[in-house]
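Reviewing the structure listed below.
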């Protein structure tokens, strides 16, 4: 078996196309959806992410404003900026790009964003709704993108065994809740670095999601034949053949494509979906105004 | 094997005894911990719960005030009461007793309570902290009571396979997050009504928690020999031998005690722990003032 490639770009394009009419309707009412992006410091990955998000805004006719702050910006100044954007009725979404310079309290800053403008879906108020089984609010973008892509691909979720590798606040934990919630109805296992015999648990999975940041962790013999595998890992590995000196690798070993029925690769799988769901959240937030 | 009985009353008494010094220290500073309990209507179970909570307050020297509202109280009046209690600096904890009269929006009312006084731990803000892996805030009482009881009993959590039956916002979902979080480090599976072959998944569990409300659901052949089993079910089943016409049954068939190494029974297991953790939250909240 050679796995069908789960084409995140194609799915994201479909999601974006459904947003066009909603954005048009907003503009007819005089509302221009507006995303504010805060970037702190000079992290190259942060710059790439912000640039991709702003390109998506431009493509869709969503206004975006970038606020670039120096890496040693005072906490007061950052707080003041977020408060100003919270109060600005022409701003519908606010995101603080991760990673922040080391030492900055990323979780604490997230809490400053008004939950109704928290288009990253990272505010505890929005995450808590997932614990309540409510999936109608501002959802974290990568988990909701994964679920949208699984549905788009026609993967059976109800009653399926899903195994999520990794317990991060950004992917593993919220995705587990969303997969287990009514509507998705998957049977979910969360595994992590302290799990014993992780391979055998993964082999039970109809849907296997790797979100741990360990290049090539998931080997072919971890995967049940015919499983749907989603790779969320974004790892830079040294590569002397590339001028930049590194290449991108996921958490899933490429040989898994011989075993899985569908595989969402890195790059080109979850990444574009994350951006498409950010755009969706921004439009949803603007519709509340 | 006959399972050791996990004595929730004994564990709860230990938890309460550790609160005594903290309450004393608060009173020395002139702070009397104060829990406000709102009960709506005449539900007999609600009355029993409120009475048990007020008894615990009295036992520990925590002030409690009960607000009894008629079952057809206007939403405005209920909102106004919660707002008044939120603003009252002499009130440290507020809970709205469940179940509410049918048609009342329990989740919506929970969101009115100031998260810092949400001693039930049901506000999305407090639940969302669990998704972030933060277990230092106001934790939902039943899940935190279960974890405290497991630790008290010396059950191995790190690396253990835990299976949680039920995906409620009150027990199943938050408990799954807490068991999977750093510090507990269990490998967690959430199973529910849509799960296929639930018995075989349960048989993998070192720790099995039933929180679904289905009397006697968990049979002996669902349980691995030596597993730790926690029964959270509180079901009234008809019993003509009782004057009141019913008796209490858990979600776990009593025959499981022949198979498990430890069993938390109904009644006398999780129930007293829930109250002990409510008292803990009330004291913690008072300490923040």
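Using a 10 Å cut-off around each Cβ of peptide B:118-130, what is the average number of partner chain Cβ atoms that fall inside?
On the way: counts 0, 0, 0, 0, 3, 4, 13, 8, 4, 9, 15, 7, 7.
Across B:118-130, the average partner-chain Cβ count within 10 Å equals 5.
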Original post:
Under Stokes-Einstein, with the Kirkwood radius over Cα pairs standing in for Rh, what whole-number D in µm²/s applies to the range B:245-289 at 25 °C and 0.890 mPa s?
Top reply: 189
Original post:
How many Cβ atoms of partner chains, on average, are near each residue of A:175-188 if near means within 10 Å of its Cβ?
Top reply: 5
Original post:
What are the nm distances, shortest first, from residue B:106 to its equivalents in the other copies, labels at 7 Å along Cα→Cβ?
Top reply: 3.6
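Quick check on chain A: what does the Kirkwood estimate of hydrodynamic radius come out to from the alpha carbon pairs, in Å? Can you show the working numbers first?
On the way: mean 1/r = 0.0509 Å⁻¹.
Mean inverse Cα-Cα distance, inverted, gives 19.7 Å.
Classify the range B:98-205 from the C-alpha gyration tensor, please: rounded if a/c falls under 1.5, else prolate or oblate depending on whether a/b exceeds b/c. If you can, show how the numbers build up before the last one.
On the way: a/c = 2.33, a/b = 1.39, b/c = 1.67.
Note, shape of the range B:98-205 comes out oblate.
For the range A:1-156, what is the Kirkwood estimate of the hydrodynamic radius, computed as the reciprocal of the mean inverse distance between distinct Cα atoms, to one decimal in Å? Write down the numbers at each step before the final one.
On the way: mean 1/r = 0.0583 Å⁻¹.
Taking the inverse mean of 1/r over all distinct Cα pairs, the range A:1-156 comes out at 17.2 Å.
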**OP:** Can you quote the Å³ per residue value for the convex hull of the Cα atoms in the range A:29-114, rounded to an integer?
**Re:** 82
Original post:
Which distances in nm, rounded to one decimal and ordered from shortest, link the label point of residue B:1 to the equivalent label points in the other identical copies, with labels set 7 Å from Cα toward Cβ?
Top reply: 3.5
Original post:
FRET efficiency for residue B:72 and residue A:241, Cβ-Cβ distance as r, R0 = 51 Å, nearest 0.05?
Top reply: 0.10
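Sorted by packing (mean other beta-carbon atoms within 10 Å per residue), highest first, where do A:249-261, B:43-55 land?
On the way: A:249-261: 20.7, B:43-55: 15.2.
Result, highest mean Cβ count within 10 Å first: A:249-261, B:43-55.
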Original post:
What per residue convex hull volume, in Å³, do the alpha-carbon atoms of the range A:96-140 yield?
Top reply: 66
Subject >> Normalised contact order of chain B, rounded percent, pairs of Cα under 8 Å and 6 or more residues apart >> reply: 24
Original post:
residue B:156 label points, 7 Å along Cα→Cβ, one per copy: pairwise distances from this copy to the rest in nm, shortest first?
Top reply: 3.6
Original post:
For the protein assembly as shown, taking Cα atoms only, what is the radius of gyration to one decimal and the Dmax to the nearest whole Å?
Top reply: 25.0, 83
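Give the whole-number value, in cubic angstrom per residue, of the convex hull volume spanned by the C-alpha atoms of the range A:140-271.
Values: hull volume 14.0 nm³, N = 132.
Once divided by residue count, the hull of the range A:140-271 is 106 Å³.
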Original post:
To the nearest whole number, what is the average tally of beta carbon atoms from other chains within 10 Å of the beta carbons of peptide B:104-113?
Top reply: 1
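Values in this text are rule-based calculations from the coordinates and carry no lab data. Every value quoted in this text rests on a predicted model; they were computed, and no experiment measured them. Cβ atoms come from the backbone with ideal geometry, glycine included; neighbour counts cover every protein chain shown.
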